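Notes follow the structure.
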Amino acid sequence: MAKPKKRSRLVLTLAALVVLGAALAAAFWPRPMAVDMGAVTVAPLVVTIDEEGRTRVAEAYVVSTPVAGRLQRVEVTPGTPVERGVTVVAHMLPTNPAALDVRTREQARAVVTAAEAALRVARADMNAALANAEFAQTELDRTRQLQERDIASDAALERSQQTARIAQAHVDTAEAAIGVREAEVANARSQLIGFDDRGLASAVGGDADDIPLYAPADGRVLRLIQQSETTLPAGAPIMEIGDVSGDLEVVVELISTDAVQVAAGDRVIIEDWGGDANLAGVVQRVDPFGVTKFSALGVEEQRVTAVVALTSPAQARGALGHGFRVEARVVVWEDAAALVVPASALFRDGTGWAAFRVEDGAARLTPVQIGRSDGIATQVLGGLEDGMTVILYPSAAVTEGVAVAARALD
């Protein structure tokens, strides 16, 4: 009986040693390093310059006093719709109805003549803009026909479409310029108020000594500069009027190093304006003059003003008005099917860039040639292929050939 007991004790001891050895081997066996992984994919890539902007009415009109007098309390409020030449926006009483002496009247007539000449120039510019727009539309139609027959390329068609849009924008600008010149003519003629003028005639021989001030343009009252009853000199501003629904644009102040990458016609995405959907726009112009400004941190910067024309319909803008804050993203480069890698997978390796790709459960150091980047994804020009797996945020512990495994998500 002693031999079986010794044999069973030996078997149990060996089993315990095997279990202990297996536990020690499992505890000290090299395990793959847990890392975050991403994939190289083909996806749209859009590179933008993001800046804060503000809206404004492109052509705002200032209603001012035509002669020195006492302004009556202004009854209209900001947002009141007005009609050009019909809506009375203010009333004033002249201090001296005979204030226009011979010299003043002749000077006023000269101003009217100059304003009328400027109006004729604006109309001539309008004719030139219409001619350019008609020619651009003809070129667009011709290019579209050639493209349908596979004679012209898609790029040629897109250039023709851009040229047609720019030509139409010039027409809109010329129309606005005519409106400005017509307002200047009306303002200059208001300086010729005499005894036989509308409103002042009643002041001399009628029942009331009132001069009504009419709206110089269609739109809404943007803001009141002077509301209370007071005595003002000639030419004092009273209020601003503009067309918020049809004449709204966005002004963006770009850092000068970013402004050199932006050109007229670039697409713009308007975000964080308060609505549910983004608004679309196009760069109308970039000013050639920079201004020194200081950031919130006190850093001196050179800022350049860029004007963005809104292309989204007025119905999509909601209650967006004059002087509102928005976020503008100017598209400087885009590719609908770019080979991209997460930017967090790239790191400097000498003078170039590299990434760790995962192959058979091991990290492989791979030099990478990169192109454009939006800060999140980077265009790959060489070194990686579609579908490859790369390590995100590689630490110093990740080296060539080290075993890796995807980190488990909690």
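The values are calculated or read from the model by the stated rules, or taken from the named source; none is laboratory data. Quick caveat: nothing in here was measured; it's all calculated off a predicted structure. Note: ideal-geometry Cβ built from the backbone for every residue, glycine included; neighbour counts use all protein chains shown.
Yes or no, residue by residue, for (1) in contact with an Asp or Glu (Cβ under 8 Å, 6 or more places away or on another chain); (2) at pLDDT 95 or above; (3) basic (Lys, Arg):
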| site | (1), (2), (3) |
| --- | --- |
| GLN226 | no, no, no |
| LEU232 | no, no, no |
| VAL244 | no, no, no |
| GLN261 | no, no, no |
| VAL268 | no, yes, no |
| VAL282 | yes, yes, no |
| PHE289 | no, no, no |
| THR292 | yes, no, no |
| GLY298 | no, no, no |
Scanning segment 170-190 for residues that are farther than 30 Å from ASN132 by Cβ and either surrounded by fewer than 19 Cβ atoms within 10 Å (Cβ to Cβ) or at pLDDT below 70 (or both) gives ARG189
For segment 282-319, give me each residue that is within 14 Å of the chain's Cα centre (by Cα) and outside any strand (DSSP E or B). THR311, SER312, ARG317
Tell me, yes or no, whether segment 253-273 has at least one residue that is on the phi > 0 side of the Ramachandran plot and in contact with a helix residue (DSSP H, G or I) (Cβ under 6 Å, 6 or more places away or on another chain). yes
Filter segment 392-409 down to the residues that are of a type in the set (A, V, I, L, M, F, W, C) and surrounded by 12 or more Cβ atoms within 10 Å (Cβ to Cβ), then identify the one that is nearest to VAL341 (Cα to Cα). LEU392
Answer yes if at least one residue in segment 362-373 is assigned to a loop (DSSP other than H, G, I, E, B) and either modelled with pLDDT under 95 or surrounded by fewer than 17 Cβ atoms within 10 Å (Cβ to Cβ) (or both), and no otherwise. no
Only one of (1) touching a residue at least 40 places away in the same chain (Cβ under 8 Å); (2) under 13 Å from SER312 (Cα atoms) is not met by ASP266, so which one is it? (2)
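Determine if segment 286-306 includes at least one residue that is touching a residue at least 60 places away in the same chain (Cβ under 8 Å), in contact with a strand residue (DSSP E or B) (Cβ under 8 Å, 6 or more places away or on another chain) and among the charged types (D, E, K, R).
No, there is no match, as no residue in segment 286-306 is touching a residue at least 60 places away in the same chain (Cβ under 8 Å), in contact with a strand residue (DSSP E or B) (Cβ under 8 Å, 6 or more places away or on another chain) and among the charged types (D, E, K, R).
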Check segment 102-122 and report whether any residue there is at pLDDT 80 or above, exposed (fewer than 13 other Cβ atoms within 10 Å of the Cβ) and under 29 Å from the mean Cα position of the chain (by Cα). no
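Condition first: aliphatic (A, V, I, L, M), assigned to a helix (DSSP H, G or I) and without any contact (Cβ under 8 Å) to a residue 24 or more places away in the chain. Now tell me which residues in segment 131-153 satisfy that. Step through it out loud before you land on a result.
Within segment 131-153, the subset aliphatic (A, V, I, L, M) is 131, 133, 136, 140, 146, 151-152.
Next, from what is left, pick out any that are assigned to a helix (DSSP H, G or I): 131, 133, 136, 140, 146.
Scanning segment 131-153 gives ALA131, LEU146.
On the given criteria, is LEU339 touching an Asp or Glu at 6+ places or on another chain (Cβ under 7 Å) and within 30 Å of VAL402 (Cα to Cα)?
Criteria met by LEU339.
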